[in-house]
Amino acid sequence: MLHACRALLTVAAAVASKSWWETIAMTPSAPASTDPRIAQVIRRHGARADALIEVLHQVQELHGYLAPEVLREVATGMGLPLSRVHGVASFYHLFRLEPPTAHRCAVCLGTACYVKGGAQVAARIEQRLGVRLDDAAGDGVWALQHVSCLGACGQAPVLVVDGELMTRLSVDPPEALDARLEAAGLPQRTTT
Amino acid sequence: MPVTPQLRCCDASGCRSAGGQALRRALEEARDAAGLTAEALAIKPVGCLRLCGSGPLVACDGPGPSQLFGGVAPEHAGALIAASVAANDGSAAVSDDPLAAHRLDLSDPFFALQQPVVLEGCGQVNPESIDDAIAFGTYAQLHRVLQELTPEQVRDEVRRSGLRGRGGAGYPTGLKWDTVALQPPGPRYVVCNADEGDPGAFMDRSVLESDPHRLIEGMAIAAYAVGAERGFVYVRAEYPLAIERLRLALQQARSRHLLGNHIDGTSFNLRLEVRVGAGAYVCGEETALLLSIQGQRGMPQPRPPFPAQSGLWGAPTLINNVETFTAVPAILRQGGHWYAGIGTEHSKGTKVFALSGAVVNTGLVEVPMGTPLRTVVEVIGGGVPDGSPIKAVQTGGPSGGCIPAERLDTPVDYESLLELGSMMGSGGMVVMGASTSMPEVARHFMGFSVNESCGKCVPCRAGTVQLAQLLDRFVEHRATPADMERLDALCQMVKVTSLCGLGQSAPNPVLSTLRWFRHEYEAACREPAACVAAGGVER
Amino acid sequence: MSVVTLTVNGQDVAVPAGASLLEATRAAEANVPTLCHLEGLTPVSACRLCLVEVEGSSKLLPACSTAAAEGMVVHTHTPRLREYRRMTVELIFAEGNHVCAVCVANTHCELQDMAVTVGMDHSRFPYQYPQRLVDATHPQFTLDHNRCILCTRCVRVCDEIEGAHVWDIGSRGGQCHIVAGLDEPWGQVQACTSCGKCVDVCPTGALFRNSDTTAEKQPNTTLPALLRTAREQRRWHNQ
Ligand SMILES: Cc1cc2nc3c(=O)[nH]c(=O)nc-3n(C[C@H](O)[C@H](O)[C@H](O)COP(=O)(O)O)c2cc1C
Ligand code: SF4
Ligand code: SF4
Ligand code: FES
Ligand code: FES
């Protein structure tokens, strides 16, 4: 009876066939390896709970993203509950919980850029790279995300490619945009 | 001000991204090549020279009036050096001026109508040099305040100025300072809100990148006035250059004993720290910001208690916007009465706006409160680039609304904008041309709110999602009269029942476009005639 | 003890100073609906169902977290408040997957009761049918995210009363969900003491005992208040 009921619930909810915890297979007590630099970062902040965001910034800088074992080390080192650390790390847009792709573009869709054709820039890049906007996995090498204003609205529309700000992109004609994207090193993955 | 010949090169992030740094290097080389020393012709990195859209900008000072050049490339360096030499030895301008196309007219309304108060030092001082800031007069008011005035006298002056918070809500600053100061004895904090999340706003970024010492001075005066010994500047992580300059400025101020213990030989102590956000618009909301400073999720909390009563670690906390703090030194120098003499009856002083969108002159504008919107966007901004009429001006970011062309004569002040269903917000002004579809704009903003909702309260978390889907139906021309009714009812509900300002103002872009451009919604219905008949929203 | 007096729906009531508006409305038997609030836990004012009108205030105020003040004139069931409450419940139903017929909490669900209270029988807003998961890894309990309304009672009771802080909220906006540990399977989170308090206070069928099947869940929402009184006033349930 119990199992039948549980199965029913699962079906009713249209849950994906494989449970997510099977795919992340994590051993809770034994982290793969500890990174002494994390302890150092924490020590520098005196392990104060209010330094959590600063610590996460610095740890992300070291590791490129915040893997579960890394968050566990932070939590242990700072004496904070695991769920609190995960809650904070997953709240802020700039913390990455998945490994980033080698190359990243961030297109601004803030109002000024939107008015100046930011959405067309995004669409063109999606097409060029063959990736979906805000899919962090991208094509494994390139990913495209959106940001909402970089404070460079005077030069809208703007785009960041691997940390470099590109401004005053023109979306008309599309070939001009393609040339700028080409120059920025964005590969042409799909045929138009 | 300066008589020594110098070239001021904008080194704020806007001009940097347009090649400002390469230009400055080229200028230095050209100066050396011309056999001039740094004393004979100083080349100084400065903050924002206002007309960001025409960067990189260089200003040339000499005995005569300053000249401004825009869109200059490194190959123009030689000509620029020659022009500045010519300006200084009084020789006539060359007949075929190679810089003719790059000369910007400083008597153009864009510059002439500005009244710099907050931006006084912006574009004048080297943001990375405390000596330059001090030579410009920064920290003089802190010194005077500490030596001559009591905290009450400082607060009186600020109250007299009529200054209202520049972060959006326009709360009277003097009153807020009093509230914090008059709490029972114990520790207090000052916090500067530099989270500037409204898309289309870059005033605070420019202040931080251009004149960070002025902000520090303002915060120190505020800390003295309310009795705080510790403070934070919460800056969004998207502003790396601002963070770098602010950190440098704080370090310089500490080494000059303008921060720390026994400042200026008095018993006043102040420790200021930078806290960097991590990408969350809602952290601009004050209770969320305070939680974020304490290392937590930025989820707003019900007020009361207000931060002024119970903020960081439960202590009374003064939280003000960058521009609010930055206006303070000038107010103390010139007097509250002077400041109150600028602007309108209920909105005193000047306000900085960031002009962008479909407008000729994009950049930073500081004008007296009460300046008609038309003056700002058409005279100062120069209107739409192709000369077509302006359709609407968006103010207040995702919390604000679109003001239609026929209301452009409205004076810009807190109350007038509210009356039009928009709001002052932090000062972003995005001009929209004829081709912009209003339901699409509303959908754009709703998408922003869906993305930035913290998820705490039901109306904002679930309501904005439903609103965005409703707007999709209009954008895709499949809306029905029932959708029109639902849109109106849900906007009202989300507006009045949400916990914080984000949810409470998320419907504003929809409500304002429904009010002024209702026909576009009607036309976007599957059967437009049916939607017109349905009515629903009263004007 | 000092007392404040106020008017709720025309009726005068007196409550101890420091009491919430909610307590005042209860003294007047006004039946203000609540979902996220639970006696004994810190109020968060997230569900917005307890909003009331107070004369002289331009904003609606959440009764659960607003202090009752001398002379307040409170209205708890004006037409617009009724309408907003109904819409709130509609939004909650449309947001998750609430299939009462197969739910452990059927007939013992605060959300179901709320729908009846506010007179909501269907949602005007499209059901979102989100893809959500069920965590059945704990030996005794299950968390079905489909029925979670994000009231955060479980988070607060685990942190404030049990002191284990197993739960927190992950992500934000519409993606918000309750997380155990580092968003791990509940059964793997060693901090959990299996005390069952979160299950007891959950207003819906999101958290339940594995031994309960359809309509068998018996919540116990009085625990937090009892334990808090014991801890703070040294007065226990049997005293
Ligand atoms: C969603 C939201 C975002 C906000 N963002 C900002 C911001 O980016 N900068 C700011 O100064 N104030 C912002 N505010 C206003 C602050 O809550 C607060 O009112 C302000 O910082 C107070 O400073 P002031 O009195 O100097 O304006 C925001 C408010 C809300 C509700
Ligand atoms: S209104 Fe939105 S952002 Fe504000 S508390 Fe509610 S969910 Fe969070
Ligand atoms: S699991 Fe239950 S108690 Fe926890 S937030 Fe969801 S509905 Fe509330
Ligand atoms: S809107 Fe794109 S930079 Fe501001
Ligand atoms: S009970 Fe007050 S907001 Fe939920």
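Quick notes
- Residue A:96 being over 30 Å from residue C:180 (Cβ atoms), within 22 Å of the chain's Cα centre (by Cα) and among the basic types (Lys, Arg): no
- Restricting C:63, C:68, C:46 to those that are more than 16 Å from ligand 4 (Cβ to nearest atom) and either within 10 Å of another protein chain (Cβ to nearest Cβ) or among the charged types (D, E, K, R) (or both) reduces the list to C:46.
- Failed item, numbered, when residue C:137 is tested on (1) surrounded by fewer than 23 Cβ atoms within 10 Å (Cβ to Cβ); (2) in a loop (DSSP other than H, G, I, E, B); (3) within 13 Å of chain A (Cβ to nearest Cβ); (4) out of contact with any Pro (no Cβ under 7 Å at 6 or more places or on another chain): (4)
- Segment C:88-114, residues that are more than 23 Å from residue C:133 (Cβ to Cβ) and either without any contact (Cβ under 8 Å) to a residue 12 or more places away in the chain or polar (S, T, N, Q) (or both): C:88, C:107, C:113
- Qualifying residue in segment C:168-180 (condition: touching a Cys at 6+ places or on another chain (Cβ under 9 Å), outside any strand (DSSP E or B), more than 16 Å from ligand 2 (Cβ to nearest atom) and of a type outside the set (Asp, Glu)): no
- Scan segment B:357-383 for residues that are in a helix (DSSP H, G or I) and more than 20 Å from residue B:71 (Cα to Cα) and the total you get is 7.
- Out of C:22, C:6, one residue alone is more than 23 Å from residue C:221 (Cβ to Cβ) and either outside any loop (DSSP other than H, G, I, E, B) or within 16 Å of ligand 4 (Cβ to nearest atom) (or both). It is C:6.
- Flag if residue B:373 is among the aliphatic types (A, V, I, L, M) and out of contact with any Ser or Thr (no Cβ under 8 Å at 6 or more places or on another chain): no
- Answer from C:121, C:113 - the residue that is more than 16 Å from ligand 2 (Cβ to nearest atom) and either under 18 Å from the mean Cα position of the chain (by Cα) or not assigned by TED's automatic domain parsing to the domain that holds residue C:207 (or both): C:113
- Helices (runs of 4 or more DSSP H) wholly inside segment B:136-226 that include at least 2 residues being free of Cβ contacts under 8 Å to residues at least 40 places away in the same chain: B:151-161, B:173-181
- Any hit, segment B:186-193, residues being away from ligand 4 (no atom under 16 Å from the Cβ), within 14 Å of chain A (Cβ to nearest Cβ) and not aromatic (Phe, Trp, Tyr): yes
- Evaluation of residue B:352 against the conditions (1) within 23 Å of residue A:118 (Cβ to Cβ); (2) crowded, with 24+ Cβ neighbours inside 10 Å shows that the sole unmet condition is (1).
- Residue in segment C:174-193 that is touching a residue at least 24 places away in the same chain (Cβ under 8 Å), over 17 Å from residue C:217 (Cβ atoms), more than 11 Å from every other protein chain (Cβ to nearest Cβ) and hydrophobic (A, V, I, L, M, F, W, C) present: no
So that you can scan it fast, the table gives a plain yes or no per residue for (1) surrounded by 20 or more Cβ atoms within 10 Å (Cβ to Cβ); (2) over 28 Å from the mean Cα position of the chain (by Cα):
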| residue | (1), (2) |
| --- | --- |
| B:452 | yes, no |
| B:459 | yes, yes |
| B:469 | no, yes |
| B:474 | yes, yes |
| B:478 | no, yes |
| B:482 | no, yes |
| B:485 | no, yes |
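- In segment C:67-103, the residues that are charged (D, E, K, R) and out of contact with any Leu (no Cβ under 6 Å at 6 or more places or on another chain): C:70, C:80, C:82, C:83, C:86, C:90, C:95
- Wholly within segment A:62-122, helices (runs of 4 or more DSSP H) carrying at least 1 residues that are farther than 21 Å from residue B:294 by Cα and within 11 Å of chain B (Cβ to nearest Cβ): A:111-115
The values are calculated or read from the model by the stated rules, or taken from the named source; none is laboratory data. The model shown is predicted, which means the values in this text are computed figures rather than measured ones. Because the Cβ atoms are built from the backbone with ideal geometry, glycine has one as well, and the counts that use them run over all protein chains shown.
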